[in-house]
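Beneath this line is the structure, given in structure tokens, with notes to follow.
The values are calculated or read from the model by the stated rules, or taken from the named source; none is laboratory data. A quick note: this is a predicted structure, and the numbers were derived from the prediction, not measured. Backbone-built Cβ (ideal geometry, glycine too); neighbour counts: all protein chains shown.
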């Protein structure tokens, strides 16, 4: 059953939520009185359609239907999840919740607020138990973190729904243990922001120098381990206690100016904005967004290949999305979007990535015949010994492709596949690959006969693919 | 001429400096009275030899010679750069500088200190002008950021030397405009650290939850753009001014506790250390280091492929390291280390990456015959139309390999190469590739004749490779 999300408030954040749900196969009903809402969400959708599918090595579900509604009541009717992302004005949020619960008293409501605690949101509500904070991070269609903040009045059943819904669309619900101003992450962002304003104001560094100090050093460290695990490693064999003993005294040193806050004057705004223009003014916001998204995709895919940090979350979600190929002739072994990190100096998909795509296709065939992850963990697998690839048409990042595979030889230790890679939109042949694999023992690293159940499935597939 | 670095103090930081210099072909002279220094630096070297070569798609220079010295005077004699990384005690640093300058008054000295300003380091020095802060980030052999902090007494000539030396070994010297406690990055780290201590102390989140709040959200954002450029994008078309107007009022809100500092008690240390044990105690520090390094390598390589952030720095350094292949028969077209992001479910190098390696080898051949980046920018290139790869022996991350290439056909539009990939250590054949390329116009995307100078070089190479 296709599920439906109601999105109340359709700016950059609401649009990001809409995109995350739509691209995961949900229908979305939007309410936003802004006459520009449709255009704004359209722009976010363009970015999201480019970006999100690239995180996965399989196709996402068929995109859901996007519907714009003229009332809150219409938007929340039949919704399985309601996400509120209107302006940060408490009385406006209270008004929205009243209208929502008048039309749909049963469905939990998550608020994207960074400025209010859940107990504040719940004031005067018809059913406070259904209301919580679900605070996302921009771009919502790529970053997995959602801070889920309940008050003591929030129902645990509503929290369970939130956890299931968010996980099912590839997000990471981080339950905050007690409500607190700005939740968790924004407290760090605010501390760093205040410190950064001082550094610019005092002429220690420009905005660009500060960005470089972050991204060439601790930023890239934090992207994979965060703060405490990084420091645990820095503490060496003696670990966290050693690290704390070493840096404990610094708590009393003047290493931050945060006993004070810089005054927010026009001069300070001009100073920052002018430096930011000098740093990034040559790129439009659209260009910066694309650059940011491509960097994030490439880094998250790198972490995915390592099976760590945000990459581990994507792998989990991908497992839920993937299914075994059907025994057709030919078999559709892979369907996916070409990601931005697969292109080369000629601006098209690098020849090596064709090999990777065909290798992924072969892994699907292997999984189908029973030579899956568990089989490999048990010490048996297939190794490729020879491939011949013909490159027929150029392929570019963002294109959706599929691979059709026939087993042309499946006897004894041999598994030979003929793969055809086609553009999904029009079926044009892009490349082909003749691939010979041999069954091996992962212990001896030498060839050996496959297990009987694998042998039987390989032979059956070869017989099916031998028919016209 | 091989250059020499003197490393005074050989802990994790000094060892990281030593590794960075050695792996870039410098000789290194270490002074550290700790009887464990040799073992400790050896451990850092093991990690560094695994990690740093993987950032590059070409071989690093031949590793320099590491020598342990019994006096500071011996260590700094003949040194082109002197790096001080002793304990954070000012009187100890003053003593070290006096011994250094008595033996070598000419070479600039960089201090790894995070706790002292350069004017403090310079007190009582024989030549204050040669002394500055060059503050690195762990792991020094991977992260490019170095905060270069002069005082008003530091010579500009010494700063120029620092800039040249650091850039030549792949580091990024960030000149800090005025000296300030904790320089730039550590001020942010201290602010976040203090805030994080509050959050754990107040029971809002555990160490693991805080790490997740960082690495699944803003951490991965900061790794590529830092703070200000990220917020510029968040501001949308109206940019930085809009963002500041929106979040300016928050400066007065209680979004950080940093008007106060948590008391550093045994209870707080136990709370943090116990949570950290629960989070990461199942992994040894060595395992955590390896995981961190592999994540960093994979992400930095992802940014390199995008040509952005830390990846752009690596590309620049790689250009300085690379030279055109020699016209031998066969030609050594590529020499490199297999990086961690090239392996697959079978634990060895994925078949697609062989294709990428041979594609890189072909790019070197193309560069040799004049079909280089400028030629491609001018609208002409070679596209691969068919490859046959034979996989002979398994290859693993960390192995150094070379590709020997012969041009087997070089006439008209055709450029056909036969590549042999061999293990560098013993010359064992790992794989071969027969690759047919055709010369194309990047405007029409169709085949066409190469430029005369390219045609001549292709023919000459084919003739050379036709000889026995």
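Taking the criterion of being modelled with pLDDT under 95, in the same structural domain as residue B:348 (by TED's automatic domain parsing) and in a strand (DSSP E or B), would at least one residue in segment B:409-422 satisfy it?
Yes, segment B:409-422 contains at least one residue that is modelled with pLDDT under 95, in the same structural domain as residue B:348 (by TED's automatic domain parsing) and in a strand (DSSP E or B).
What residue, of B:72, B:82, is under 29 Å from the mean Cα position of the chain (by Cα) and under 21 Å from residue B:173 (Cβ atoms)? Even if it seems obvious, please write down each step before you answer.
Numbers: B:72 fails: under 21 Å from residue B:173 (Cβ atoms).
The conditions single out B:82.
Can you tell me which residue among B:432, B:425 is touching a residue at least 24 places away in the same chain (Cβ under 8 Å), part of a loop (DSSP other than H, G, I, E, B) and under 32 Å from the mean Cα position of the chain (by Cα)? Even if it seems obvious, please write down each step before you answer.
Details: B:432 fails: part of a loop (DSSP other than H, G, I, E, B).
B:425 is the lone residue from the list that is touching a residue at least 24 places away in the same chain (Cβ under 8 Å), part of a loop (DSSP other than H, G, I, E, B) and under 32 Å from the mean Cα position of the chain (by Cα).
Exactly one condition in (1) surrounded by fewer than 22 Cβ atoms within 10 Å (Cβ to Cβ); (2) more than 14 Å from chain A (Cβ to nearest Cβ); (3) under 30 Å from residue A:440 (Cβ atoms); (4) touching a strand residue (DSSP E or B) at 6+ places or on another chain (Cβ under 7 Å) is not met by residue B:405; state its number.
(1)
Could you tell me whether residue B:371 is within 14 Å of chain A (Cβ to nearest Cβ), at pLDDT 95 or above, assigned to a loop (DSSP other than H, G, I, E, B) and surrounded by 19 or more Cβ atoms within 10 Å (Cβ to Cβ)? Before you say what the answer is, go through the steps one by one.
Working: within 14 Å of chain A (Cβ to nearest Cβ): yes; at pLDDT 95 or above: yes; assigned to a loop (DSSP other than H, G, I, E, B): yes; surrounded by 19 or more Cβ atoms within 10 Å (Cβ to Cβ): yes.
Judged against the criteria, residue B:371 is a match.
Kindly check whether there is at least one residue in segment B:162-171 that is closer than 24 Å to residue B:300 by Cα, crowded, with 20+ Cβ neighbours inside 10 Å and facing chain A (nearest Cβ under 7 Å).
Checked segment B:162-171: no residue is closer than 24 Å to residue B:300 by Cα, crowded, with 20+ Cβ neighbours inside 10 Å and facing chain A (nearest Cβ under 7 Å).
Among the candidates B:114, B:87, single out the residue that is farther than 30 Å from residue A:206 by Cα and within 14 Å of chain A (Cβ to nearest Cβ).
Numbers: B:114 fails: farther than 30 Å from residue A:206 by Cα.
Testing whether each residue is farther than 30 Å from residue A:206 by Cα and within 14 Å of chain A (Cβ to nearest Cβ) leaves just B:87.
Of all residues in segment B:185-235, count the ones that are over 25 Å from residue B:173 (Cα atoms) and either in contact (Cβ under 8 Å) with a residue 40 or more places away in the chain or assigned to a loop (DSSP other than H, G, I, E, B) (or both).
Residues in segment B:185-235 being over 25 Å from residue B:173 (Cα atoms) and either in contact (Cβ under 8 Å) with a residue 40 or more places away in the chain or assigned to a loop (DSSP other than H, G, I, E, B) (or both): 15 in total.
Select from segment A:384-401 the residues that are surrounded by fewer than 18 Cβ atoms within 10 Å (Cβ to Cβ), in contact (Cβ under 8 Å) with a residue 40 or more places away in the chain and either more than 15 Å from residue A:356 (Cα to Cα) or within 31 Å of the chain's Cα centre (by Cα) (or both) and list them in ascending order.
Answer for segment A:384-401, where residues must be surrounded by fewer than 18 Cβ atoms within 10 Å (Cβ to Cβ), in contact (Cβ under 8 Å) with a residue 40 or more places away in the chain and either more than 15 Å from residue A:356 (Cα to Cα) or within 31 Å of the chain's Cα centre (by Cα) (or both): A:392, A:394, A:396, A:398, A:399, A:400.
Within segment A:329-340, is even one residue within 11 Å of chain B (Cβ to nearest Cβ) and touching a residue at least 60 places away in the same chain (Cβ under 8 Å)? Please lay out each step first, then the result.
First pass over segment A:329-340, keeping only residues within 11 Å of chain B (Cβ to nearest Cβ): A:339-340.
Now restrict to residues that are touching a residue at least 60 places away in the same chain (Cβ under 8 Å): A:339-340.
Yes, some residue in segment A:329-340 is within 11 Å of chain B (Cβ to nearest Cβ) and touching a residue at least 60 places away in the same chain (Cβ under 8 Å).
Would you confirm whether any residue within segment A:120-133 is surrounded by 19 or more Cβ atoms within 10 Å (Cβ to Cβ), in contact (Cβ under 8 Å) with a residue 60 or more places away in the chain and in contact with a strand residue (DSSP E or B) (Cβ under 9 Å, 6 or more places away or on another chain)? Walk me through how you get there before you give the answer.
Step one: filter segment A:120-133 for residues surrounded by 19 or more Cβ atoms within 10 Å (Cβ to Cβ), giving A:121-122, A:128, A:130-133.
Adding the requirement that they be in contact (Cβ under 8 Å) with a residue 60 or more places away in the chain leaves none.
Checked segment A:120-133: no residue is surrounded by 19 or more Cβ atoms within 10 Å (Cβ to Cβ), in contact (Cβ under 8 Å) with a residue 60 or more places away in the chain and in contact with a strand residue (DSSP E or B) (Cβ under 9 Å, 6 or more places away or on another chain).
State which residue is modelled with the lowest pLDDT when the search covers only segment A:205-238 and only residues that are more than 7 Å from every other protein chain (Cβ to nearest Cβ) and within 19 Å of residue B:265 (Cα to Cα).
A:238
Output the number of residues of segment B:384-401 satisfying the condition of being touching a helix residue (DSSP H, G or I) at 6+ places or on another chain (Cβ under 9 Å) and at negative phi. It would help to see each step written out before you state the result.
Taking segment B:384-401 and keeping what is touching a helix residue (DSSP H, G or I) at 6+ places or on another chain (Cβ under 9 Å), we get B:384, B:387, B:389, B:391, B:395, B:397-398, B:400-401.
Going one step further and asking which of them are at negative phi, we end up with B:384, B:387, B:389, B:391, B:395, B:397, B:400-401.
Counting residues in segment B:384-401 that are touching a helix residue (DSSP H, G or I) at 6+ places or on another chain (Cβ under 9 Å) and at negative phi gives 8.
Matching residues to (1) buried (at least 24 other Cβ atoms within 10 Å of the Cβ); (2) assigned by TED's automatic domain parsing to the domain that holds residue A:41; (3) within 22 Å of the chain's Cα centre (by Cα):
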| position | (1), (2), (3) |
| --- | --- |
| A:136 | yes, yes, yes |
| A:141 | yes, yes, yes |
| A:145 | yes, yes, yes |
| A:205 | yes, no, no |
| A:214 | yes, no, no |
| A:220 | yes, no, yes |
